[in-house]
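See structure below.
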Amino acid sequence: MNGKKGSFEINIPPEATKSKLPGTSKEGSIGAFSSCKAWIWSVWEFVKEDSNRVKFALKVGLAVLLVSLLILFRAPYDIFGTNIIWSILTVAIMFEYTVGATFNRGFNRALGSLLAGVLAIAVAQLAIQSGRVAEPIIIGISIFLIGSITSFMKLWPSLVPYEYGFRVILFTYCLIIVSGYRMGNPITTAMDRLYSIAIGGFVAVLVNVFVFPIWAGEQLHKELVNSFNSVADSLEECVKKYLEDEGLDHPEFSKTVMDEFPDEPNYRRCKSTLNSSAKLESLANSAKWEPPHGKFRHFFYPWSEYVKVGAVLRYCAYEVMALHGVLHSEIQAPHNLRFTFYSEIQEAATHAAELVRSLGKDISNMKRSPKTSLLKKVHSSTERLQRAIDMHSYLLASNFDPPDNSSKSLTKLPVTFSTTQYDLSNPLTEFDSSSAENNLSQINQNVPSGTPPQQTESYHEMMRKQSRRLHSWPSREVDAFEEEGGLGMDFLPRMKALESTAALSLANFTSLLIEFVARLDHLVEAVDVLSKMAKFNHEGV
């Protein structure tokens, strides 16, 4: 008590006064600030990736504001009444990212609304003339029929592009005929709503075309050019890593998440090229609705050829992805064996990537240039690679006798051989000689002088088994078959088989590279057809 009657004094420990509510501490405020900063940075990266996204958002806001003024001002509202709401609904539904998509959506919207209005007026007049009793029955039957027919027709394969139009027919017809039945004048209701839809569609098209237009044709053109560059960059990146990787820091396969290689950005871009089929088709369908604009100044531009070229390019990208699969596979050819064909592989990949980039550049500049010289370089470099593989084919076999011909010696091999776990050529020479001699001396010291030499062979047997464990693929202990005293003579054939498996990884890589070059002929033909149909200018014109 503090001296006053009925009062109490509560002593709070000093530690309790220092505690604060959750979220009010300095650490909590710093964490909230960092999360907010990270969110702002992610938004900035999203905007920087494509600045048209901000333009599109601002254009939608402007279009909605313009049609909303018809409601905010008294005069337009007195003319159209509450039906003017349909203008806002039309803008929100019809406004698309590109001009072509907006025209496509607007056509479906206009045609569907017109057909729905005509049907609603005809059925409403028939229902009114049938009497008060039959009127709701006829309206209900018509709604059922329209809903069933439109839902079935939009599933028809050839009518899938007009799916939105059938949906517009359904909900516009139902709203007009039901509201007209209650309001008593379906013709006036239908006309007012059609006027409102026309106003909203006109505002959406006007804003999308004249305010920072985003053309689907330009987007398709740019997307295809970027795909060419992605495939070429990914090919060079893969070949470079394959020839320079000595396996010293190769991650374990079980700990590597596939398709996530932070040091290979071009790999992810090439992977996105494989998934661009739907995007290219969507942009091509939208571009068909666009009028001549920019670099595309003639009617009936062959947008479908862009899709065909993209399909051929994806077949080339499949081979690049397969090359990346060999690069990150568990079984790897020894680095010294890869280095034997270094110049041939590098030359073939460089010329192939140069040809792909040249094709993308021609499409970007809309010019036609002869590719005869580049094709000859690609084919000649590939033939040199094939001849090199043929000359040194004995390296890819497990059991071979090295030829005596000095012309086929591995002059390109470095003095120091690779020491990766995949180099199976000399399994016993990988061990440290000094440690082996020390172990042998220790064993000899412990063995009596009169011991037969057969007992000292256990050391060599131990070294052989240890070599098996280190150099076998997949890594495993000594087979139970050997532990039980089976045939130990099978060790050498098994090791040679493992050597052959690792060497065949190089053969797989080179065959995929040659297959990529073979598919380039089809890519050149597809680009040539596109350049003719699109009327590209000849180089120098």
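The values are calculated or read from the model by the stated rules, or taken from the named source; none is laboratory data. The structure presented is a predicted model; accordingly, all values stated were derived computationally and were not measured. Here the Cβ is made from the backbone with ideal geometry for all residues, glycine too, and neighbour counts use every protein chain on show. The accessibility values were calculated without ligands, DNA or RNA, using every heavy atom of the protein model including side chains. Shrake-Rupley method; radii C 1.70, N 1.55, O 1.52, S 1.80 Å.
Quick notes
- With protein chains left intact and a 1.4 Å probe, residues in the stretch 47-210 average 53 Å² of accessible area per residue.
- Rounded Å value of the spacing that divides the Cα centres of the stretch 356-391 and the stretch 88-138: 56 Å
- Net charge contributed by nearby residues that have their C-beta within less than 10 Å of PHE103 (K/R +1, D/E -1): 0
- Between ARG384 and SER158, the modelled labels are 5.5 nm apart [label points 7 Å from Cα along Cα→Cβ].
- Once the Cα-Cα distance is subtracted from the 0.36 nm per residue extended length, the MET391 to ARG268 segment shows a gain of 40.7 nm.
- The loop-placed trypsin sites (Lys or Arg not before Pro) in the stretch 83-171, going by DSSP, that have at most 11 neighbouring Cβ atoms within 10 Å of their Cβ come out as ARG132.
- The stretch 47-210 shape via C-alpha gyration tensor axes, a/c threshold 1.5: oblate
- When the solvent-accessible area of the stretch 47-210 is split by element, carbon and sulfur atoms take up 74 percent of it, the probe being 1.4 Å.
- Potential lengthening between ALA518 and LYS279 on full extension [0.36 nm per residue; Cα-Cα distance subtracted]: 83.4 nm
- FRET E, pair MET366, GLU45, Förster distance 30 Å, beta-carbon r, rounded to 0.05: 0.45
- Sum of side-chain charges, ILE84 neighbourhood, beta-carbon under 13 Å (Lys, Arg +1; Asp, Glu -1): 0
- Legend: calculated FRET efficiency, TYR77 to VAL54, from the Cβ-Cβ distance at R0 = 41 Å, rounded to 0.05, equals 0.80.
- Full extension of the segment from PHE107 to HIS538, taken as 0.36 nm per residue of separation minus the current Cα-Cα distance, would add 151.5 nm.
- When each of the peptides 190-203, 227-240, 335-348, 361-374 is scored by how many other beta carbons lie within 10 Å of its residues on average, the order from highest to lowest is 227-240, 190-203, 335-348, 361-374.
- Over 26 Å between alpha carbons, listed pairs LYS59/LYS532; LYS241/LYS377; LYS288/LYS367: LYS59/LYS532
- Using the Cβ of ILE93 as centre and a radius below 9 Å, the other residues enclosed give a net charge of +2, where K and R count +1 and D and E count -1.
- Sorting the segments 288-301, 75-88, 113-126 by their mean number of nearby beta carbons within 10 angstrom, highest to lowest, gives 113-126, 75-88, 288-301.
- Here the relative contact order of the stretch 47-210, from alpha carbon pairs under 8 Å that lie six or more residues apart, stands at 36 percent.
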